[in-house]
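> To start, I am sharing the structure in question, which I have written as structure tokens.
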Amino acid sequence: MSKLITTPKGKAVYPRIDNPDTKFNEDGVYTCKLHVSEADYNAFKESYDAMFERAYKKECEEKGKTLRKAASSPVRVTDDGDYEIYAKQVAKRNTSKGLIEFSVAVYDSQGNKMDSAPKIGSGSTLRASVEPSFWFVSSQGFGCTLRLRAVQVIDLVEYGGGNNSESFGFDGVEGGFVAETTDEPIPVTAGDSEDAYDF
């Protein structure tokens, strides 16, 4: 049986922790992409690769032949050069024993479990507890999915709010135009929410 492993901390990219994504799966899928430092990525990947190779060797022995490896990996460098760890978990699944529902446990920076998940948005600093699940499909080869079991919120950036300059990537510029301040939020229009993005 696979054991739980903890990722290094990283910046979340369009996470779906409190509310599963149903765009491509009506049962819903919780997802979390973490962009980590190169050093943390290399250390995590070394451990992951060793685990993967053990599972791959065992599967080859059981099948009695050398198997093709799947092209995709949950531990990868993106086209933009980001060091990414990707984990996911279905929200529910019909089994022979009936419907099983899953959730992702959420902990704060001190390790306290939260009763309900906050609106964890992109830019949040998280660590994830994941369970490697190895599989073989003849059309794809031998691969692995990191099942998302829990996250620790180190620095929270909530989605659906926080319309301030920092949330849009602006910082102060010395000597520039200064407007009269207002407390009115910037209106959010269709297409501005994270739900509009594919990930």
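> Sort 38, 174 from largest to smallest accessible area, using a 1.4 Å probe on the heavy atoms of the protein chains.
Greatest to least solvent exposure: 174, 38.
> Around residue 50, with a cut-off of 14 angstrom between Cβ atoms, what is the net charge of the other residues, counting Lys and Arg +1 and Asp and Glu -1?
With Lys, Arg at +1 and Asp, Glu at -1, the neighbours total +2.
> While we're on this one: Can you tally the net charge around residue 153? Count Lys and Arg as +1, Asp and Glu as -1, for every other residue whose Cβ sits under 14 Å from the Cβ of residue 153.
0
> Starting from 0.36 nm per residue, how many nanometres of slack lie between residue 26 and residue 158 once their C-alpha separation is accounted for?
45.1 nm
> If a/c stays under 1.5 just call it rounded; otherwise compare a/b with b/c (prolate if a/b is bigger, oblate if not). Do that for region 37-147, with a ≥ b ≥ c from the square roots of the Cα gyration tensor eigenvalues.
Oblate, because a/c is 1.5 or more while a/b does not exceed b/c.
> Using only Cα atoms, locate the centre of region 1-71 and the centre of region 73-141, then give the distance between them in Å, rounded to an integer.
About 9 Å separates the Cα centre of region 1-71 from the one of region 73-141.
> Report relative contact order for region 23-153 in percent, whole number only (criteria: Cα-Cα under 8 Å, sequence separation at least 6).
Reported relative contact order: 30 percent.
> Among the listed pairs 57/113; 11/63; 3/97; 9/65, which have their C-alpha atoms separated by more than 29 angstrom in this model?
Check vs 29 Å cut-off fails for 57/113; 11/63; 9/65.
> If I compute solvent accessible area with a 1.4 Å probe over the protein chains, what percent of it on region 32-76 is carbon and sulfur?
48
> At 0.36 nm per residue, minus the direct Cα-Cα distance, what do residue 117 and residue 97 gain on full extension? Give it in nm, one decimal, please.
On the way: separation 20, 0.36 × 20 = 7.20 nm, distance 2.79 nm.
Working it through step by step, the gained length comes to 4.4 nm.
The values are calculated or read from the model by the stated rules, or taken from the named source; none is laboratory data. Values in this document were obtained by computation on a predicted structure and should not be read as measured data. A quick note on method: Cβ atoms are made from the backbone with ideal geometry, for glycine too, and the neighbour counts reach across all protein chains shown. Ligands, DNA and RNA are stripped out before the accessible areas are found, and what is left, the full protein with its side chains, is counted by its heavy atoms. Shrake-Rupley method; radii C 1.70, N 1.55, O 1.52, S 1.80 Å.
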